[in-house]
Amino acid sequence: MEGNIKDLIIIGCGGFGREVVSLVGRINEKRVEWNLLGFLDDNPPNSKVANLNVLGKVTDANKFLNCYFVISLGNPQTKKDVLKNLPSNSQFATLIHPHVEIGDRNRIGFGSIICAGTIITVDTTIGNHVILNLGCTVGHDSFIGDYVSIMPSTNISGEVEIEECVYIGTGTKIINQVKIGRNAILGAGSVVSKSIPDNCTAVGVPAK
């Protein structure tokens with residue numbers, strides 16, 4: 001492609017993959033940045049999804065030189081595993097919906113997807129291949145590690161530390177100054193008032 005328009009392939013053509021197609025469309029309405037080629041998926045439902053072609057399996061990524069990828073899979077460990085099947089020199093898009101509010105001095109890693117209505121305040125660090133789904137909030141000085149998936153309407157207060165591969169269910173509330181250990185799962189609607197250890201599933205109000 002000419003100029004600053006870059007080729008993009010979405011890995012994963014499930015429901016969230018189709019949402020990412022829409023997100024890319026909203027980005028391109030503001031300024032054309034991406035030429036969306038299609039999907040890679042090991043188990044696609046059809047050869048065409050959201051009017052885009054399924055171009056092959058994940059291991060076919062090496063056929064697409066100079067192309068950017070984004071992983072539209074909700075399971076954090078699956079995202080991490082997918083990377084093992086991609087070329088080591090792969091390039092990853094960071095996709096931020098135009099209706100996201102981002103304050104000052106924030107760092108957002110590559111391959112991350114930030115959906116409409118999300119608010120990121122100030123001085124946060126968001127890792128690589130993170131999903132912040134619809135209408136989330138991230139408070140000041142919070143840290144979100146690689147591969148984390150945060151479902152819609154989650155509220156993260158200030159100075160929260162979320163380690164890698166955490167999955168946070170819809171509508172979760174996390175109060176300030178707690179730590180969520182790596183590989184933890186927080187059930188939908190949970191209220192997290194104390195730190196959660198590694199490899200733990202916590203649910204409820206308060207989350208236990």
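The values are calculated or read from the model by the stated rules, or taken from the named source; none is laboratory data. What you see is a predicted model; the values in this text were computed from it and never measured. In this analysis, Cβ positions are derived from the backbone assuming ideal geometry, glycine residues included, and neighbour counts consider all displayed protein chains. Heads up: the accessible areas ignore ligands, DNA and RNA and are worked out on the full protein's heavy atoms, side chains in. Shrake-Rupley method; radii C 1.70, N 1.55, O 1.52, S 1.80 Å.
Examine region 172-187 for a residue that is touching a residue at least 60 places away in the same chain (Cβ under 8 Å) and over 24 Å from N106 (Cβ atoms), and state whether such a residue exists. Yes, region 172-187 has at least one match. Does region 35-52 contain any residue that is crowded, with 17+ Cβ neighbours inside 10 Å, of a type in the set (D, E) and farther than 22 Å from N183 by Cβ? Yes, region 35-52 contains a residue that is crowded, with 17+ Cβ neighbours inside 10 Å, of a type in the set (D, E) and farther than 22 Å from N183 by Cβ.
Being within 19 Å of the chain's Cα centre (by Cα) and part of a strand (DSSP E or B) is true of F39. Checking V205, V166, V192 one by one, the residue that is of a type in the set (V, I, T) and touching a residue at least 60 places away in the same chain (Cβ under 8 Å) is V166 and no other. Of all residues in region 135-163, exactly one satisfies the criterion of being open to solvent by 40 Å² or more (accessible area, probe 1.4 Å), within 21 Å of N199 (Cβ to Cβ) and out of contact with any strand residue (DSSP E or B) (no Cβ under 7 Å at 6 or more places or on another chain), namely D146. The residue of region 104-120 that is nearest to C13 (Cα to Cα), among those that are surrounded by fewer than 19 Cβ atoms within 10 Å (Cβ to Cβ) and touching a residue at least 24 places away in the same chain (Cβ under 8 Å), is A116.
Restricting G25, G15 to those that are out of contact with any strand residue (DSSP E or B) (no Cβ under 7 Å at 6 or more places or on another chain), under 14 Å from S72 (Cα atoms) and small (G, A, S) reduces the list to G15. Among the residues of region 75-93, those identified as open to solvent by 30 Å² or more (accessible area, probe 1.4 Å) and either of a type in the set (K, R) or touching a residue at least 24 places away in the same chain (Cβ under 8 Å) (or both) are N75, Q77, K80, L83, K84, N85, P87, Q91, F92.
Taken over region 122-132, the residue count meeting the criterion of being in contact (Cβ under 8 Å) with a residue 24 or more places away in the chain and on the phi < 0 side of the Ramachandran plot is 3.
A single member of S112, S72, S88, S149 is of a type in the set (S, T, Y), modelled with pLDDT under 95 and on the phi < 0 side of the Ramachandran plot, and it is S88.
Can you tell me which residue within region 59-74, out of those that are outside any loop (DSSP other than H, G, I, E, B) and surrounded by fewer than 19 Cβ atoms within 10 Å (Cβ to Cβ), is farthest from the chain's Cα centre (by Cα)? Talk me through it step by step, then tell me what you get.
From region 59-74, those outside any loop (DSSP other than H, G, I, E, B) are 59-63, 68-71; that's our starting set.
Adding the requirement that they be surrounded by fewer than 19 Cβ atoms within 10 Å (Cβ to Cβ) leaves 59-60, 62-63.
Working: T59: 21, D60: 22, N62: 22, K63: 24 Å.
Only one residue fits best here, namely K63.
When I174, I162 are screened for being farther than 17 Å from K80 by Cβ and among the hydrophobic types (A, V, I, L, M, F, W, C), only I174 passes. Looking at (1) surrounded by 18 or more Cβ atoms within 10 Å (Cβ to Cβ); (2) within 19 Å of D146 (Cβ to Cβ), which is the one condition that is false for A202? It is condition (2) that A202 fails.
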